[in-house]
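Working notes, structure below.
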Amino acid sequence: MAEVSEVLMSVLSTIRVPRPGDRVHKDECALSFSSPESEGGLYVCMNSFLGFGSQYVDRHHTRSGQRAYLHISRTRKAPEDDENSGSGDPPKKKPTRLAIGIEGGFNVEQEQYEEEVKVVLFPDRQEVTSDDLATMPDVVRERVSLAMAGLMSADSVSHALQVQQWDGELRAESRHAVELKQLNNGTKIPPSGWRCEVCDLQENLWMNLSDGRVFCGRRYFDGSGGNNHALLHFQQTGHPLAVKLGTITPDGADVYSYDEDDMVLDPKLPEHLSHFGIDMMTMEKTEHTMTELEIAVNQRVGEWEVIQESGATLRPLSGPGLTGMKNLGNSCYLNSVMQVLFTVPDFQSKYVSNIDKIFNEAPSDPTQDFKTQVAKLGYGLLSGEYSKPAPDPGEGSEPSSEPRGDQVGIAARMFKALVGRGHPEFSTNRQQDAQEFLLHFINMVERNCRSGVNPSEAFRFLVEERIVCQQSQKAKYTQRVDYILQLPVPMDQATNTEELQEAERRREEADSSGAPPPAPVRACIPFTACMAALSEPETLTDFWSSAAQAKTTATKTTRFASFPDHMVIQVKKFTFGQDWVPKKLDVSIDVPDTLDLTALRGTGQQPGEELLPEVAPPPLMTPDVEVKGILGSHGNEEDDSLYSPLLSPVLDDSTLSQLCEMGFPLEACRKAVYYTGNTGIDAAMNWVMGHMDDPDFSAPLVLPGTSSAPGTTPTESFSEEHLATIVSMGFSRDQATRALRATSNVLERAVDWIFSHLDDLESMEVSEGGRSAAESEGSREPPPGPKVRDGPGKYELFAFISHMGTSTMCGHYVCHIKKDQQWIIFNDQKVCASEKPPKDLGYLYFYRRVTE
């Protein structure tokens with residue numbers, strides 16, 4: 001032990017005690033998914049606080065020279081039977097609260113472990129326990145003991161990111177509650193017998209707290225719920241708060257703020273109810289609260305019946321390429337996307353085949369390196385090392401008659417934290433749109449593969465847009481890069497129209513009689529009808545023709561200029577109703593196993609076809625802005641492109657307010673009103689619907705002639721912390737500055753903006769001196785166009801991602817992948833052979849090229 005004491009003394013200066021702000025990785029290996037529960041445990045460097053599994057700790061010791069590691073190993077205790085345990089503990093209760101990790105909430109699996117902690121000195125792996133430290137010199141004992149205690153008590157990075165305690169019932173106080181104006185209209189609400197004033201519906205009723213009027217709630221995509229009359233009343237009157245009748249008890253009630261679009265608290269609820277004759281102390285609950293409805297949905301999520309395979313016993317699978325992923329709290333969108341991507345050979349060869357090279361070239365902190373963490377995830381999914389059945393629920397419990405399909409799987413916490421860092425949505429634990437995450441991840445791959453092999457090229461293709469002026473018959477051709485084909489859903493082409501009409505008639509009869517609503521009927525849309533809607537010409541009624549020098553009508557046709565190796569198709573199931581409320585189309589589409597897009601290839605300029613002259617249209621004038629002759633605060637007679645910030649366009653307040661009330665971003669509404677020349681709500685609404693998919697849809701309005709180039713405002717300053725955050729994501733300081741300038745120095749918006757303008761940023765290639773290439777070498781050749789692959793337009797389906805729920809922002813995602821002619825379902829940690837893959841109900845479809 002004297003020899004060990006001397007070694008500890010020699011490395012004492014490298015042993016640190018964690019301080020606030022230090023990133024401690026004591027739950028997960030930086031290069032694998034090993035943890036303290038894994039065989040061999042986890043070694044935490046006592047200097048950098050990085051964790052390593054037994055297969056990678058020697059590598060870190062060799063590269064860093066660090067010798068002292070805290071070894072943490074945990075052995076799972078056999079749990080006692082929940083209902084017949086000798087401890088006398090009551091059986092597990094059903095959840096009564098929409099929460100995780102607190103009393104009444106959903107049970108979070110809290111495994112019981114026996115933990116062993118000791119210091120290990122490399123390279124000889126000499127072990128030092130707490131008892132051994134007691135015999136060592138004071139300076140060694142105190143320093144090492146303090147470091148061990150600090151490491152064990154520090155919150156690990158993964159713990160801070162993981163949802164250990166989440167309460168979906170914590171509601172904010174409404175900003176309208178305290179000063180809510182209530183009309184003295186004599187309205188008194190009886191204690192029962194309520195009906196919607198418009199449709200006589202007798203359930204899901206909401207009383208407006210401003211005027212006491214009673215209307216039904218929102219109508220869900222499947223036909224259930226109400227008929228949106230409470231929402232329509234808010235849109236007509238602006239009265240923001242409503243209480244759900246039937247949920248009022250002495251303890252409170254469900255209160256919804258339409259203006260804040262959320263469930264809220266009303267601290268003056270007894271007073272507000274009393275105004276309309278309702279005594280909270282005498283009311284009894286007769287309706288399900290919104291919390292109870294959400295709990296019922298959450299209990300069903302993940303069950304096989306939700307994904308349309310309840311009629312079969314699914315056979316669990318395991319092995320290479322068959323590894324489940326733990327749900328980290330609404331991370332099923334990420335799990336589904338990454339499972340599919342790592343079946344694509346380009347991603348396998350880029351990250352998994354080169355994993356040793358990637359790890360050898362990793363920076364000192366591999367947890368913050370994109371390439372390292374993607375390679376780690378890819379190897380975890382494909383190697384089969386973590387594709388093992390989950391531990392039995394407990395000894396003494398009845399064995400399940402059906403295979404469970406659960407695996408130990410992998411928890412991609414480091415990966416999720418890295419790809420979501422700085423993003424206003426993907427950095428949270430809220431549910432997200434799988435399509436948006438796919439594009440976000442592809443953007444990150446593009447940025448990190450500017451030099452070298454780029455696997456996202458497998459999805460990249462060129463779109464050809466041909467616009468023909470109907471007055472001159474001259475054409476204009478443009479090309480743009482895309483990664484996803486968005487497929488429209490023409491509801492008017494349903495093949496079961498009579499059945500849908502009959503279902504609607506039965507639903508209306510049930511509403512009028514108060515009977516339970518009938519089972520909804522799903523619209524059946526032919527895939528050929530969707531493709532026809534995609535390929536049909538679009539009429540442009542406000543097209544400025546450079547040939548006619550005037551606005552006229554034109555037709556726009558969209559075709560493929562190239563066919564990618566892998567085609568991603570998004571079914572546009574999410575849309576807006578006539579009242580502009582987002583909804584999901586409940587449709588069945590006969591998506592084919594094979595696809596031939598050859599007929600949709602663009603042909604370019606035709607023989608004898610004349611092109612429109614390359615002349616820019618005149619700028620749109622608004623009453624208070626002239627294009628020329630107005631000097632900005634930094635302008636001069638030679639350069640009048642800088643406008644005074646005091647000169648902003650006059651926008652029609654009425655139109656702007658109506659758009660904002662529909663829930664669209666303020667900046668998007670301002671642009672809609674501006675670019676339609678204050679011509680009214682219809683024109684502005686059409687502009688919004690036509691530009692919702694634009695990457696800068698919610699970016700600030702930039703007037704024609706103004707400049708957003710770096711350096712236009714000499715006195716501007718930006719948060720160094722914000723700059724450092726964006727630079728740490730792989731962008732240059734110039735690019736970070738440009739993003740912050742475009743978004744008024746708001747970090748979350750700047751990160752969103754920078755990912756939406758990657759093509760623009762490509763031209764800002766940074767030289768070694770820190771200046772952009774345009775500044776340092778004016779004669780440099782322009783950057784080449786995007787690299788695309790091309791080939792035959794024939795494809796076969798190999799994967800699809802399905803979504804269950806009323807919105808992309810809630811519900812659940814799973815994916816089905818075809819491997820060796822067998823469809824396999826990946827439902828987070830469950831991996832099973834699929835018996836009836838619901839190909840007609842998918843959201844994202846993945847095709848691979850068929851080579852002849």
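The values are calculated or read from the model by the stated rules, or taken from the named source; none is laboratory data. Since the model is a prediction, treat every value here as computed from it, not as a measurement. Cβ atoms come from the backbone with ideal geometry, glycine included; neighbour counts cover every protein chain shown. These accessible areas exclude ligands, DNA and RNA; they are computed on the full protein's heavy atoms, side chains included. Shrake-Rupley method; radii C 1.70, N 1.55, O 1.52, S 1.80 Å.
The table below lists the values:
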{"read-out": "Filter result for L487 (buried (at least 18 other Cβ atoms within 10 Å of the Cβ) and out of contact with any Cys (no Cβ under 9 Å at 6 or more places or on another chain))", "value": "no"}
{"read-out": "Any hit, the stretch 661-676, residues being modelled with pLDDT under 50 and among the charged types (D, E, K, R)", "value": "no"}
{"read-out": "Residue satisfying all of: in the stretch 252-290; part of a loop (DSSP other than H, G, I, E, B) and hydrophobic (A, V, I, L, M, F, W, C); modelled with the highest pLDDT among these", "value": "F276"}
{"read-out": "Every pair of residues 6+ apart whose Cβ atoms lie under 9 Å, when the first sits in the stretch 670-692 and is on the phi > 0 side of the Ramachandran plot while the second is surrounded by 14 or more Cβ atoms within 10 Å (Cβ to Cβ) and among the hydrophobic types (A, V, I, L, M, F, W, C)", "value": "G677/L620; G677/A683; N678/L651; N678/A684"}
{"read-out": "Residue that is more than 18 Å from L341 (Cβ to Cβ) and crowded, with 19+ Cβ neighbours inside 10 Å, where the choices are R480, R450, R466", "value": "R466"}
{"read-out": "Verdict on F826 being at negative phi, surrounded by 15 or more Cβ atoms within 10 Å (Cβ to Cβ) and either over 28 Å from the mean Cα position of the chain (by Cα) or at pLDDT below 80 (or both)", "value": "no"}
{"read-out": "Candidates A548, A529 - the one that is touching a Ser or Thr at 6+ places or on another chain (Cβ under 8 Å), over 19 Å from R218 (Cα atoms) and not assigned by the TED database to the domain that holds M685", "value": "A548"}
{"read-out": "Unique match (being assigned to a loop (DSSP other than H, G, I, E, B) and surrounded by fewer than 16 Cβ atoms within 10 Å (Cβ to Cβ)) among A547, A532, A519, A510", "value": "A519"}
{"read-out": "Residue in the stretch 21-28 that is part of a helix (DSSP H, G or I), surrounded by fewer than 22 Cβ atoms within 10 Å (Cβ to Cβ) and in contact (Cβ under 8 Å) with a residue 12 or more places away in the chain present", "value": "no"}
{"read-out": "Pair list, Cβ under 9 Å, 6 or more apart: the stretch 411-424 residue assigned to a helix (DSSP H, G or I), other residue among the β-branched types (V, I, T) and open to solvent by 20 Å² or more (accessible area, probe 1.4 Å)", "value": "R413/V157; M414/V157; A417/V157; G420/T428"}
{"read-out": "Residues (at pLDDT 65 or above, open to solvent by 40 Å² or more (accessible area, probe 1.4 Å) and among the hydrophobic types (A, V, I, L, M, F, W, C)) located in the stretch 724-776", "value": "A724, V727, V746"}
{"read-out": "Filtered residue count, the stretch 224-275, keeping only those that are aliphatic (A, V, I, L, M), more than 28 Å from the chain's Cα centre (by Cα) and farther than 12 Å from L209 by Cα", "value": "3"}
{"read-out": "Output for the stretch 241-265, where each listed residue is in contact (Cβ under 8 Å) with a residue 40 or more places away in the chain, within 26 Å of L666 (Cβ to Cβ) and either open to solvent by 10 Å² or more (accessible area, probe 1.4 Å) or not small (G, A, S) (or both)", "value": "L241, V255, Y256, D259, E260, D261, D262, M263, V264, L265"}
{"read-out": "Scan of the stretch 323-354 for residues that are of a type in the set (A, V, I, L, M, F, W, C), open to solvent by 10 Å² or more (accessible area, probe 1.4 Å) and either modelled with pLDDT of 95 or more or touching an Asp or Glu at 6+ places or on another chain (Cβ under 8 Å) (or both), ordered by number", "value": "V352"}
{"read-out": "Every pair of residues 6+ apart whose Cβ atoms lie under 6 Å, when the first sits in the stretch 268-279 and is closer than 16 Å to P250 by Cβ while the second is surrounded by 13 or more Cβ atoms within 10 Å (Cβ to Cβ)", "value": "K268/A177; P270/M280; H272/L209; L273/M280; I278/I189"}
{"read-out": "Filtered residues of the stretch 126-160 (kept if among the acidic types (D, E) and either crowded, with 20+ Cβ neighbours inside 10 Å or free of Cβ contacts under 8 Å to residues at least 12 places away in the same chain (or both))", "value": "D131, D138, E142"}
{"read-out": "The stretch 172-205, residues that are among the aliphatic types (A, V, I, L, M), part of a loop (DSSP other than H, G, I, E, B) and touching a residue at least 40 places away in the same chain (Cβ under 8 Å)", "value": "A172, A177, V178, L180, I189, L201"}
{"read-out": "Selection count, the stretch 91-133, where residues are modelled with pLDDT of 90 or more, farther than 25 Å from K77 by Cα and not in a helix (DSSP H, G or I)", "value": "6"}
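Okay, residues lined up against (1) open to solvent by less than 30 Å² (accessible area, probe 1.4 Å); (2) out of contact with any helix residue (DSSP H, G or I) (no Cβ under 7 Å at 6 or more places or on another chain); (3) assigned to a strand (DSSP E or B):
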| position | (1), (2), (3) |
| --- | --- |
| C810 | no, yes, no |
| Y813 | yes, no, yes |
| C832 | yes, yes, yes |
| K836 | no, yes, no |
| Y845 | yes, yes, yes |
| R848 | no, yes, yes |
| T851 | no, yes, no |
